[in-house]
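Let me begin by presenting the structure, written as structure tokens, before commenting on it.
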Amino acid sequence: MSAPTSDVPLEDRLAQLGDSDLAELPHHDVVGALEEMVTHDDYPCLGARSVFRRHNAVVTVLDDLSDPGNASVLLERLAEFAAGVEPEAGFASFVAVFRGPQLEGERHFEHLLWQLLQRLHDADPMPWADGVAADPGDPHFAFSAAGTAYFVVGMHPRASRIARRAPLPTLVFNLHEQFEALRASGRFERMRDTIRRRDEELQGSLNPMVGDHGGLTEARQYAGRRVGARWRSPLVVHEERAVDGPVLVDGEPA
């Protein structure tokens, strides 16, 4: 790979990485490419930039997004990640990067994303995380893994939004409790508005899929594909694990 630089516009640099043989390179090169994307001057998500610059991103590289064997490995590593997070160290994210497959388009990635999340849930013996809804259609839904709630961000080379155009298929698991802490601090709205403005400047248009937690279900945003009002998440949550504590809004019961 060529040397990392922000002198090249982000969209062009991502195209260069997409044309490389990144999937065949060692772990540190794959992680380096992702870090280069997120820390690029043009990248709009300030939270992600902070996570990587503070070295608070835990990145795992797996072979193929469609491999059924990924679920048990990923669930174990997510549990380890959640147990090791230190709140005083700032935002942290768990990132799973997959060397394959070659994607046909956004719908293909969306299918594989939900297929993996279903496998994760099927393998998960823990009840749904406290404070969020288990129904994927609920406005207060968040994905649960090993008893911890996450907002999942899917990224891949065929994404229509530049900010979602990772060099390889990638899933970012962001701790939901961190968003609640940001809201409680009064900094959430300012950060959200800055990210949306930067994304519009990068793309040339507003992202039609962004929304606030408690409006429409966040599940609509996971894959990054633009979906209509009739879209429904394919995730089937096991009833015996779906009953948990009250949903929290800004740290208070809804």
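Here, each number is a calculation from the coordinates, and none is a lab measurement. The shown structure was predicted, so the numbers you read here are calculated from the model rather than taken from an experiment. Quick reminder, even Gly has a Cβ in these numbers, built from the backbone with ideal geometry, and neighbours come from all protein chains shown.
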For the chain, the longest principal axis of the Cα atoms and the Cα long axis of helix 70-84 enclose an angle in degrees, to the nearest 10, of 80 degrees
To the nearest Å, what is the center-to-center distance of segment 110-138 and segment 47-84, using C-alpha atoms only? 16 Å
For the chain, find the longest principal axis of its Cα atoms and tell me its angle to the long axis of helix 10-19, 0 to 90°, nearest 10. 80 degrees
Fewest-first ranking of TRP114, TRP128, TRP231, using other Cβ atoms within 10 Å as the exposure measure: TRP231, TRP114, TRP128
The chain - share of DSSP beta bridges that are antiparallel (%, nearest 5): 65 percent
Take ALA181 and ALA15, extend 7 Å from each Cα along the Cα→Cβ direction, and tell me the distance between the two endpoints in nm. 4.0 nm
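Show that you can apply the helix-only estimate: for the chain, add -39,500 (n - 2.57) for every DSSP H stretch of four or more residues, divide by all residues, and state [θ] at 222 nm to the nearest 500.
For the chain, the value works out to -11500 deg cm²/dmol.
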With +1 on the Cβ of every Lys and Arg and -1 on the Cβ of every Asp and Glu, and nothing else charged, how large is the dipole of the chain about its Cα centre, in debye rounded to the nearest 20? 620 debye
Regarding segment 10-227, what are the three Cα extents along the principal axes, ordered largest first, in Å? 42, 40, 35
